[in-house]
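Below is one structure, written out as structure tokens, with a few remarks after it.
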Amino acid sequence: MAVEYFMAEPAIQQKAWDLIGQRHPGIGGSLNKGELVIVFREKASKAGGQVILGGAKKAAPLINALSGENFVFILELAKDQWIELTHKQQEALLDHLLCACHAEEDEKTGTTKFSVVKPDVQAYRRNVEEYGMWFPTSDEDEQSTAPDPVKDMFGDKGDADDS
């Protein structure tokens with residue numbers, strides 16, 4: 001059985017560029033419009049029993065050679081799932097996939113290196129429902145004045161009674 005792929009409508013492509021402009025300046029300044037493509041997969045795949053709503057991939061050189069294009073990133077959406085999502089969920093899914101797209105300037109060569117990064121947090125719904133987003137943050141975030149969810153949940157280590 002062949003998996004069928006087709007291009008996403010221009011409105012979805014535009015929504016992704018709107019999100020890039022609003023929330024992803026790191027890739028927005030390095031990526032041209034034609035270098036990001038959004039495609040639909042007819043049916044969602046599954047991994048570990050979980051439905052995969054979409055994915056972000058770095059375009060393979062073979063795809064560019066065959067298409068005559070210069071894609072950098074390919075966002076793949078499951079059409080059968082996409083149509084079931086609310087507009088807010090669709091936007092959140094696009095934003096989630098764009099978060100995976102990373103651009104970093106190589107200071108030595110002056111060129112931009114593109115990559116797809118893994119999510120910052122991997123979680124189980126049951127755990128998040130019970131404890132909230134308790135995960136530690138990066139060193140940079142820890143210096144902020146924002147509340148510390150780990151400390152709020154478990155207290156300060158100095159508060160522990162060792163007796």
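Taking the stretch 84-99, which residues are more than 20 Å from V117 (Cβ to Cβ), part of a helix (DSSP H, G or I) and among the acidic types (D, E)?
Scanning the stretch 84-99 gives a single hit, E91.
Among the residues of the stretch 57-78, are any in contact with a His (Cβ under 9 Å, 6 or more places away or on another chain) and not acidic (D, E)?
We begin by selecting, within the stretch 57-78, every residue in contact with a His (Cβ under 9 Å, 6 or more places away or on another chain); these are none.
Checking the stretch 57-78: not a single residue is in contact with a His (Cβ under 9 Å, 6 or more places away or on another chain) and not acidic (D, E).
Take the residues in the stretch 17-40 that are in contact with a helix residue (DSSP H, G or I) (Cβ under 6 Å, 6 or more places away or on another chain) and not in a helix (DSSP H, G or I); name whichever of them is farthest from M7 (Cα to Cα).
Here the answer is H24.
For the stretch 103-113, does any single residue satisfy the condition of being exposed (fewer than 10 other Cβ atoms within 10 Å of the Cβ), at pLDDT below 95 and in contact with a strand residue (DSSP E or B) (Cβ under 7 Å, 6 or more places away or on another chain)?
Within the stretch 103-113, one or more residues are exposed (fewer than 10 other Cβ atoms within 10 Å of the Cβ), at pLDDT below 95 and in contact with a strand residue (DSSP E or B) (Cβ under 7 Å, 6 or more places away or on another chain).
For L53, indicate whether it is closer than 18 Å to C101 by Cβ, in the same structural domain as P10 (by TED's automatic domain parsing), among the aliphatic types (A, V, I, L, M) and in contact (Cβ under 8 Å) with a residue 60 or more places away in the chain.
Judged against the criteria, L53 is not a match.
Against the definition (part of a loop (DSSP other than H, G, I, E, B) and under 16 Å from I20 (Cβ atoms)), how does F114 come out, yes or no?
No; evaluated as a whole, the condition is false for this residue.
Go over the candidates G34, G54, G48, G28 one by one and state the one that is closer than 18 Å to E91 by Cβ, modelled with pLDDT under 95 and among the small types (G, A, S).
Testing whether each residue is closer than 18 Å to E91 by Cβ, modelled with pLDDT under 95 and among the small types (G, A, S) leaves just G28.
Given the conditions (1) under 18 Å from the mean Cα position of the chain (by Cα); (2) assigned to a helix (DSSP H, G or I), report the number of the one that L62 does not fulfil.
(1)
What pairs can you find where one residue is in the stretch 73-87 and in the same structural domain as A60 (by TED's automatic domain parsing), the other is crowded, with 18+ Cβ neighbours inside 10 Å and among the aliphatic types (A, V, I, L, M), and their Cβ atoms are less than 6 Å apart, with a gap of 6+ or different chains?
Cβ pairs passing all conditions: F73/L36; I74/V37; I74/A59; L75/I38; L75/A56; L75/L97; A78/L53; Q81/L53.
The values are calculated or read from the model by the stated rules, or taken from the named source; none is laboratory data. Everything numeric here is computed off the predicted structure, so don't read it as measured data. Positions of Cβ are generated from backbone atoms using ideal geometry, with glycine treated the same way; all protein chains shown enter the neighbour counts.
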